[in-house]
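Asks: Before I ask anything, let me first share the structure, which is written out below as structure tokens.
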Amino acid sequence: MSITTLNTKTKKLSISAALTSLALIFSYIEFLIPFSFGNTGIKLGLANVVIVVALYTIGESYAFSINILRVLLSGALFGNVFAIAYSLAGAVFSFFCMLALKKTGWFSITGVSMAGGVAHNLGQIIAASLLIESLKIFYYFPVLVFSGMITGILIGIIAYFICKRINQWKRF
């Protein structure tokens, strides 16, 4: 292993630690200031900005690790076992959906993020239906699809501008 490789891995690990902290801070902000849209289960998903940016800048394995750590830490600090189960299901489902769409090259960051928002809600509703052993909860899914699309687009737009700025910094 060369020094350059070691430096790159060390930089990515340091950036991952900082991004995990930032995602945790965003989760805490959402915990402190609940953004109520009139329906339970709808959140802005500010921490997902970090995940999308990480996916596009430092790589999929780092982004996945940040995502899982953020869910586990925020669930342990601000939630409970059910919150962790729902968030983990949504985060994993969303991440692999975004990764698959990103790899096709057919979608913009905003499109990938929007699909991730919808997939997150689908993952959570599947987890909820398994935990409560009822499919009736899927009646709520159309509301979650719409909210996932809107919040996913907003998160994607923010992530796009952040990634654009990061790419400008890389030139120097």
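Asks: Take K103 and tell me if it is charged (D, E, K, R) and farther than 27 Å from L13 by Cα.
Replies: no
Asks: Further question: Please pick out the residue among I150, I125, I158 that is under 22 Å from T57 (Cα atoms) and either in contact with a helix residue (DSSP H, G or I) (Cβ under 6 Å, 6 or more places away or on another chain) or at pLDDT 85 or above (or both).
Replies: I158
Asks: Within 16 Å of G59 (Cα to Cα), outside any helix (DSSP H, G or I), without any contact (Cβ under 8 Å) to a residue 60 or more places away in the chain and of a type outside the set (A, V, I, L, M, F, W, C) - does that describe any residue in the range 100-111?
Replies: yes
Asks: Can you tell me which residues in the range 51-82 are of a type outside the set (A, V, I, L, M) and either assigned to a loop (DSSP other than H, G, I, E, B) or closer than 22 Å to A100 by Cβ (or both)?
Replies: Hits for the range 51-82 are Y56, T57, G59, E60, S61, Y62, F64, S65, N67, R70, G79, N80.
Asks: Also: With the checklist (1) among the acidic types (D, E); (2) touching a helix residue (DSSP H, G or I) at 6+ places or on another chain (Cβ under 6 Å); (3) modelled with pLDDT under 85 in hand, flag the one item E60 doesn't pass.
Replies: For E60, the exception is condition (3).
Asks: Farther than 22 Å from A47 by Cβ and of a type in the set (A, V, I, L, M) - does that describe any residue in the range 113-131? I'd like the intermediate steps shown before the answer.
Replies: Restricting attention to the range 113-131, the residues satisfying the condition of being farther than 22 Å from A47 by Cβ are 129-131.
Filter once more, keeping what is of a type in the set (A, V, I, L, M): 130-131.
Checking the range 113-131: at least one residue is farther than 22 Å from A47 by Cβ and of a type in the set (A, V, I, L, M).
Asks: Of the residues that sit in the range 67-81 and are loosely packed, with under 14 Cβ neighbours inside 10 Å and closer than 15 Å to F31 by Cβ, which one is modelled with the lowest pLDDT?
Replies: Among those residues, the one meeting the criterion is N80.
Asks: Here is a follow-up. Quickly run through the range 131-172 and pick out the residues that are in a helix (DSSP H, G or I), over 19 Å from the mean Cα position of the chain (by Cα), of a type in the set (K, R) and under 22 Å from K11 (Cα atoms).
Replies: Within the range 131-172, R165, K170 qualify.
Asks: Report, by residue number, each residue of the range 94-114 that is among the aliphatic types (A, V, I, L, M), surrounded by 20 or more Cβ atoms within 10 Å (Cβ to Cβ) and under 19 Å from I66 (Cβ atoms).
Replies: M98, I109, V112
Asks: Return only the number of the condition from (1) surrounded by fewer than 15 Cβ atoms within 10 Å (Cβ to Cβ); (2) under 30 Å from I58 (Cβ atoms) that K136 does not satisfy.
Replies: Going through (1) surrounded by fewer than 15 Cβ atoms within 10 Å (Cβ to Cβ); (2) under 30 Å from I58 (Cβ atoms) one by one, K136 breaks only (2).
Asks: Do the conditions hold for T57, that is, is it among the hydroxyl-bearing types (S, T, Y) and touching a residue at least 40 places away in the same chain (Cβ under 8 Å)? If you could, list the steps in order and put the result at the bottom.
Replies: On the way: among the hydroxyl-bearing types (S, T, Y): yes; touching a residue at least 40 places away in the same chain (Cβ under 8 Å): yes.
Yes; evaluated as a whole, the condition is true for this residue.
The values are calculated or read from the model by the stated rules, or taken from the named source; none is laboratory data. Remember, it's a predicted structure, so these values are computed and weren't measured experimentally. In this analysis, Cβ positions are derived from the backbone assuming ideal geometry, glycine residues included, and neighbour counts consider all displayed protein chains.
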